[in-house]
1. Using alpha carbon centroids, what distance separates segment 27-54 and segment 114-180, in Å?
2. Can you tell me the dipole magnitude for segment 65-160 around its Cα centre, using point charges on the Cβ only (Lys, Arg +1; Asp, Glu -1), in Debye to the nearest 20?
3. Within segment 110-126, find all residues whose amide N lies under 12 Å from a label point positioned 7 Å from the Cα of GLU140 along Cα-to-beta-carbon.
4. Over 31 Å between Cα atoms, which of LYS95/LYS128; LYS45/LYS75; LYS45/LYS88; LYS88/LYS187 qualify?
5. Using amide H atoms built 1.01 Å from N in the peptide plane, name the residues 5+ places from THR152, or on other chains, whose amide H lies under 5 Å from its own.
6. Taking N as the number of residues in segment 75-192, what value does Rg over Cα atoms divided by 2.2 N^0.38 Å take?
7. With charges only on Cβ, +1 for K and R and -1 for D and E, what is the dipole size of segment 110-210 about its Cα centre, in debye, rounded to 20?
8. So how do TRP108, TRP167 line up by other beta-carbon neighbours within 10 Å, fewest first?
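Read-outs throughout are calculated quantities, based only on the coordinates presented, and are distinct from any laboratory measurement. Remember, predicted model here, so these are calculated numbers, not experimental data. Methodologically, a virtual Cβ is constructed for each residue, glycine included, from the backbone with ideal geometry; neighbour enumeration extends over all protein chains shown.
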Amino acid sequence: MKKVLLIVCILMLFCGVAGAKADNIQDGATDTASFIVYLSSESAKLDNGIVINFNTPSIWWGGETRATPNYYSQKSTAWINGGLYAIKCGGTGLKITNTSSQIYIIKWAESSISIGRSNGIPFLDGVKWKDAGNPSATPESIIPPGGSIDKTVFLPSVAFDSYRATWSITGEPIPKDNSLRVVLCLKISDGNGVSKYYTAQSPTLGLMQM
């Protein structure tokens, strides 16, 4: 009996700590970026039977972009005065399902991704940084009937930080009015080579609501 009570107390303590952390979600904190999410789970259903689910947005903060009042920000612990930096979105994870009875091919090199004021040819996971936005280096995706694929797509706006010797995606600051979406304009061909453009947009981005 004592063991049972001990386990219950531990679980209550754990839940209390987790709940307290969730209850303290706020803009301008040292962990705000980890709570920027899609505010709904709606999917984009195209009229050809393709269904696009927007999974996890690609979120980061820092760099040279200082925060402004209209955008979500994160507090840096690297500075004595706790500088605030804009939280940005530069891409998204996707699950694309073909519910139809025919094969479809997504022509990424002839498609686009838009986030706020930034847009271009989708920079796909697996493509080299130096080839971001290069149509000749951007592969197609084949989705058989009833099949699905998982993809992460980014804006092609990349930059090389010579000081840190790393690549990064510029991204778009996320406004506090929760109006930012990821918008895809996709060229999709069927098995007969007939192509058509489709538009799919994500749910809006914002601070997790508890």
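1. Here the two parts' Cα centres lie 16 Å apart.
2. Numbers: 9 positive and 5 negative charges, 79 e Å.
I would put it at about 380 debye.
3. The answer is 110, whose backbone nitrogens lie closer than 12 Å to the label point.
4. Result: LYS45/LYS75 exceed 31 Å.
5. LEU94, ASP125
6. 1.27
7. Working: 9 positive and 9 negative charges, 37 e Å.
Roughly 180 debye for segment 110-210.
8. The order, fewest Cβ neighbours first, is TRP167, TRP108.
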